[in-house]
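Visitor: One structure is given below, represented as structure tokens, and several questions about it will come after.
The values are calculated or read from the model by the stated rules, or taken from the named source; none is laboratory data. The structure presented is a predicted model; accordingly, all values stated were derived computationally and were not measured. Neighbour counts run over all protein chains shown; Cβ positions are idealised from the backbone, glycine included. Heavy atoms of the whole protein, side chains included, go into the accessibility calculation; ligands, DNA and RNA do not. Shrake-Rupley method; radii C 1.70, N 1.55, O 1.52, S 1.80 Å.
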Amino acid sequence: MNVRIELNGKPHLVDADRRSVAHLIELLELGGRAVAVAVNRRVVPTPQWNDHLLEEADQVDVVKAIGGG
């Protein structure tokens, strides 16, 4: 079974058994990178990624940090 979310403005399916924010970041191959995640416009702190489960119709924004000068 899948859960439908909106990921950075586009429809996305996640496995209902692996729907934590941490699993989403792993699926997107962003583990170990400087990223911020907001679910329904609320930032989810990194220590909460394992416990925060995505729900049907959640709006998820993943932002990668970019260095520059």
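Visitor: Quick one: count up the residues across segment 25-69 that are at pLDDT 95 or above, open to solvent by 70 Å² or more (accessible area, probe 1.4 Å) and in contact with a strand residue (DSSP E or B) (Cβ under 6 Å, 6 or more places away or on another chain).
Guide: Here the count works out to 6.
Visitor: How many residues does segment 9-24 contain that are open to solvent by 60 Å² or more (accessible area, probe 1.4 Å) and touching a residue at least 24 places away in the same chain (Cβ under 8 Å)?
Guide: The total comes to 0.
Visitor: Output the residues belonging to segment 12-69 that are closer than 21 Å to residue 1 by Cα, among the small types (Gly, Ala, Ser) and not in a strand (DSSP E or B).
Guide: Across segment 12-69, the qualifying residues are 16, 22, 57.
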